[in-house]
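Engineer: Quick one: this structure, given as structure tokens, is what I'll be asking you about.
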Amino acid sequence: MTDSQDTGHEANMPDDSSELSGSITRADVADSDDLESELIELLDQYVSAVHRNDVKQCDDLLTAHPQLRDFVGPLETLDRMTPDIEFASSLLEVLPEFAATDRVEADGAAEPLTSSRDTTSTASGKRKSGRRFGRYQLLEELGRGGMGVVFRAHQTDLDRIVAIKMILVNRLASADHIRRFYQEAQAAGRLSHPNIVGIHEVGEFLGQHFFSMDCVEGVNLREVLAAGAARAESETRTTTLSAGSEAARTEPSSENSSTLRVATAATAFRSGQPLTFEQAARTIRDVARAAAYLHSHGIIHRDLKPSNILIDGLGQPRVTDFGLARVSSASNDKVDGNCTDSGTIVGTPNYMSPEQAAGRLNEVGPASDIYSLGVILYEALTGQLPNRGSNAMETLVRVIESDPEVPRYLNREIPRELESICLHCLDKNPAQRYESADALADDLDRFLRGDPVTAGPQGIYHRIRRWMRREPALASRWSAMLCGAGILEVSYLTGEMTFGVRDLFFQLLAFWAVAALLFQKLQRSVQLAAVSRFLWLASDAVFLTKMLILAGHPTGPLLVVYPLLIAASGLFIQESLVYFMTSVSLISYAIFLYMRPGEASPWHYPLLFSAILVVIGVVISHQVNRIRLLSRHFDT
């Protein structure tokens, strides 16, 4: 046999090793396909369990099939990246301009947004409808703030109504937003107090951070205070807030008494009538007890205000919203990773303490919450905020520098003891306020019992100091006039001034003082406040110019008052007033030179002085403009 034949014969012979190798490969592929199908089925079951928020089934699958653990990590990553359809639906209902025609449900079916409602039956037989969110049915939106939105929801597994708070911006939230969100849940989650809203669950569903809490069926204190200033107990008013609140504490537990308490409190809030002084005192007392409980656990609320105080059906106040709370460790008194940057202003301007408004965070403590309680009490008693300004920056300046109007000036019916308690809370110096929230609550208890309170009326020195901080513009003018009158009297006694000239100056000062008082009174009128400021500044320039004309030579030292008037006009935080005062000062100075030609020598002195007035006006107006630009960061 030739070589070629041998080669051909070998080529035609079957290759047993090749057939064996091919048959093994096909078997392996078949087995691999079976394993892949089984794995896909298991993964499908796991994903379905995740969508149902069935944690138990997920754990069972991972226990029975350990190979799934290799795929859990990527699945969780994909789950976080997927759009939050349920939460987006809630936003689209509020912002319909962003709504699309359809949405895709978890099972792939398209459904109109307007009909995205699930319905389940509760144990009581009532039907609950709303968007499904894990174990909850979202029924309605209760409110929203800068960071979160709160829904009224039905917890299906426990068949109860709760409130659910979610991060409003969801996946656009920064790490700081998420940290503050969980800080709020953790701060409130470890508390148990009848006047604090309790936290039930903290978690994440389909990438949406949330926590559930007590759903308080009632109103918030903001709605109650909208009825106006508190008043004395009326004989015709038999349904009051205190009836429910006090009865809940003292009466025996029975079906009839419970029904009576709920009906009494509900009627009181729905009547739209103002609180009585006793009701206001009881409400602040209960909130003060809650604040004392917070402080004993190392928590400073830092945002106590009427909208964060809920009133339940029994008239009990419940503190909520711990998003800005500062939590300290009991062992070392250090902030547990939730402090804000140094100098950062946190809180609501109208209810901030002076140390918060000034950004002195190292001074923020229990006394800061006591100040906020004083603001709420002031608002309840007078129907007005103590330091409200035209914008947030003006409000912060007033909180830091000014004292509020005496409550009895705005409402003569306020008991003096309650006024003293309120003003004691509102002292600018934290050390001069109540030493603790419990001390405030105890003093309110004394008032309610008719006993003497520890916050007695202040002496004449403290009253004058409060008045000067409350009316700085009037106080500064009257102080300057008093000094001027003293100088005139000394000049008269030393023989440098005749009685007639002295009497003329005294009359001019008296008219100036009365005009300043009149313009200060007009500042309280919403309609006339803006106009009265311009007239006030103009009158200052007129009276000053008249005094300069009557004064003898030299008048140089008195001319410095013109720049002072321009600088003082900047305290109103209004550029137009600064420009107006600068123009009026220039015109008044020109009139003075016309009436006293001798003061215009040498000729370049008036030009230099006028240039100085212009420069001062421009600098002051520039600073006012910067302050107003910064104030936009606080406006809401």
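The values are calculated or read from the model by the stated rules, or taken from the named source; none is laboratory data. Bear in mind that the values here come from a model prediction, so they are computed numbers and not experimental data. Here the Cβ is made from the backbone with ideal geometry for all residues, glycine too, and neighbour counts use every protein chain on show. Side chains are part of the model used for accessible areas, which takes the heavy atoms of the whole protein and leaves out ligands, DNA and RNA. Shrake-Rupley method; radii C 1.70, N 1.55, O 1.52, S 1.80 Å.
Engineer: Would you list 608, 577 from the most to the least accessible area, probe 1.4 Å?
Structural biologist: 608, 577
Engineer: In the structure shown, do any of 165/305; 165/428; 305/428 have a Cα-Cα gap over 30 Å, and if so which?
Structural biologist: The answer is 165/428.
Engineer: Protein chains only, probe 1.4 Å: how do 305, 165, 546, 56 rank by accessible area, largest first?
Structural biologist: The residues order as 56, 546, 305, 165, largest area first.
Engineer: Now for a different question. Can you give the FRET efficiency to the nearest 0.05 for residue 192 and residue 219, using r as the Cβ-Cβ distance and R₀ = 22 Å?
Structural biologist: After rounding to 0.05, the efficiency reads 0.40.
Engineer: Could you sort 376, 591 by accessible area so the largest value comes first, with the probe set to 1.4 Å? Please list the in-between numbers first.
Structural biologist: Details: 376 0, 591 85 Å².
Sorted by accessible area, descending: 591, 376.
Engineer: Same structure, new question: Report, to the nearest whole %, how much of the accessible area of the range 424-494 belongs to carbon and sulfur atoms, 1.4 Å probe, protein only. Working shown, then result.
Structural biologist: On the way: 2430 of 3950 Å².
Whole-percent figure for carbon plus sulfur exposure: 61.
Engineer: Express in Å², to the nearest 10, the accessible area of residue 70 obtained by rolling a 1.4 Å probe over the protein heavy atoms while all chains stay in place.
Structural biologist: For residue 70, solvent-accessible area is about 120 Å².
Engineer: Between residue 179 and residue 55, with labels modelled 7 Å along Cα→Cβ, what's the label distance in nm to one decimal, could you check?
Structural biologist: The modelled label-to-label distance comes out at 2.6 nm.
Engineer: Could I ask something else about it? Could you state the number of Å between the C-alpha centres of the range 417-487 and the range 193-226?
Structural biologist: For the range 193-226 versus the range 417-487, the Cα centre distance is 36 Å.
Engineer: Expected output is a single nm value to one decimal: the length gained when fully extending between residue 360 and residue 576, i.e. 0.36 nm times separation in residues minus the C-alpha distance. What is it? Write out the running numbers ahead of the final one.
Structural biologist: Numbers: separation 216, 0.36 × 216 = 77.76 nm, distance 3.14 nm.
Once the chain is fully extended between residue 360 and residue 576, it gains 74.6 nm.
Engineer: So what's the convex hull volume per residue for the Cα atoms of the range 535-613, in Å³?
Structural biologist: Value for the range 535-613: 78 Å³ per residue.
Engineer: Accessible area of residue 496, 1.4 Å probe, to the nearest 10 Å²?
Structural biologist: The accessible area of residue 496 comes to roughly 150 Å².
Engineer: Using per-residue counts of other Cβ atoms within 10 Å, averaged over each peptide, order 178-189, 317-328 from highest down.
Structural biologist: Listed from highest to lowest mean packing, they are 317-328, 178-189.
Engineer: So what is the accessible area of the range 381-537 per residue, in Å², with the probe set to 1.4 Å?
Structural biologist: 53
Engineer: Something else now. Starting from the amide H of residue 133, placed 1.01 Å from N in the peptide plane, find each other amide H under 5 Å away whose residue is 5 or more places distant or on another chain.
Structural biologist: Residues meeting the amide H criterion: 138.
Engineer: Counting only heavy atoms of protein chains, what accessible area per residue, in Å², does the range 578-624 have with a probe of 1.4 Å?
Structural biologist: Averaged over the residues of the range 578-624, the accessible area is 58 Å².
Engineer: Still on this structure, I have one more. Using Stokes-Einstein with the Kirkwood hydrodynamic radius over Cα pairs, what translational diffusion coefficient do you get for the range 448-534 at 25 °C and a viscosity of 0.890 mPa s, in µm²/s rounded to a whole number?
Structural biologist: 153
Engineer: I've got another one for you. May I have the extent of the alpha carbons of the range 479-587 along their three principal axes, as whole Å values ordered from largest to smallest?
Structural biologist: For the range 479-587, the Cα extents along the three principal axes come out at 47, 26, 19 Å.
Engineer: Report the calculated FRET efficiency for residue 483 and residue 412 (r = Cβ-Cβ distance, R0 = 35 Å), to the nearest 0.05.
Structural biologist: Here the calculated transfer efficiency is 0.50.
Engineer: What accessible surface, in Å², does a 1.4 Å probe find on residue 289, ignoring ligands, DNA and RNA and rounding to the nearest 10?
Structural biologist: 70
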